[in-house]
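The values are calculated or read from the model by the stated rules, or taken from the named source; none is laboratory data. Just so it is clear, the model here is predicted, and its values are computed rather than measured. Counting neighbours? That spans all protein chains shown, and the Cβs are built from the backbone with ideal geometry, glycine included.
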Amino acid sequence: MSRIGKKPVTIPSGVTADIADGTLTVKGPKGTLTLSLADDVTYEIGEGSISVQPANDTKRARSFWGMQRTLVQNLVTGVTDGYTKVLEITGVGYRANAQGKTLKLQLGYSHDVDFPVPEGIEVKTPDNTTVEISGIDKQKVGQVAAEIRRWRKPEPYKGKGIKYRGEYIFRKEGKKK
């Protein structure tokens, strides 16, 4: 039995959910998100909640159950609160600057990195070493953060690079003479 799947997803006031043609549509104050529904799981919209149950007793249905419930929860959270990831840039001369739909990164290369920001994602730079990525789709926000981080991953000797806020970088000791 899935402990996560058993819990119904509560729908806050101001959020509506509809199931039609194999897709779940959730509308809220921040926007609209959709999810294509799995065949092995049944979805029921009740009074202020969405319940997710396995359609049958197969291993596939039980394994989809908890994940599908979490995906529904992510939709509801996204349209009400949204998601934010914060990246911190460490290194001499490393900086970031958001200019419209482009994030300009200076990461020690011979050229600046121009990262185009996808639709539905908002990127802010409160200072030149912090990048805040926000949006309503959790997967998209995480993917954009990972793509930006990939340009210069933190290295273990000096800790230079782009890291998530709160990420621990395992530090190594350098050569000894």
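Structure notes:
- Any hit, the range 92-105, residues being under 16 Å from the mean Cα position of the chain (by Cα) and either outside the structural domain of G22 (by TED's automatic domain parsing) or among the basic types (K, R) (or both): no
- The set of residues in the range 61-85 being in a strand (DSSP E or B) and surrounded by fewer than 16 Cβ atoms within 10 Å (Cβ to Cβ) consists of T84 alone.
- Only residues that are among the small types (G, A, S) and either surrounded by 14 or more Cβ atoms within 10 Å (Cβ to Cβ) or assigned to a strand (DSSP E or B) (or both) were counted across the range 111-127, and they come to 0.
- Residues that are over 10 Å from E88 (Cα atoms), surrounded by 11 or more Cβ atoms within 10 Å (Cβ to Cβ) and of a type in the set (K, R), drawn from the range 161-177: R171
- Residue among A38, A96, A17 that is without any contact (Cβ under 8 Å) to a residue 60 or more places away in the chain, assigned to a loop (DSSP other than H, G, I, E, B) and buried (at least 16 other Cβ atoms within 10 Å of the Cβ): A38
- Any hit, the range 111-129, residues being in contact with a strand residue (DSSP E or B) (Cβ under 9 Å, 6 or more places away or on another chain) and under 29 Å from G5 (Cβ atoms): yes
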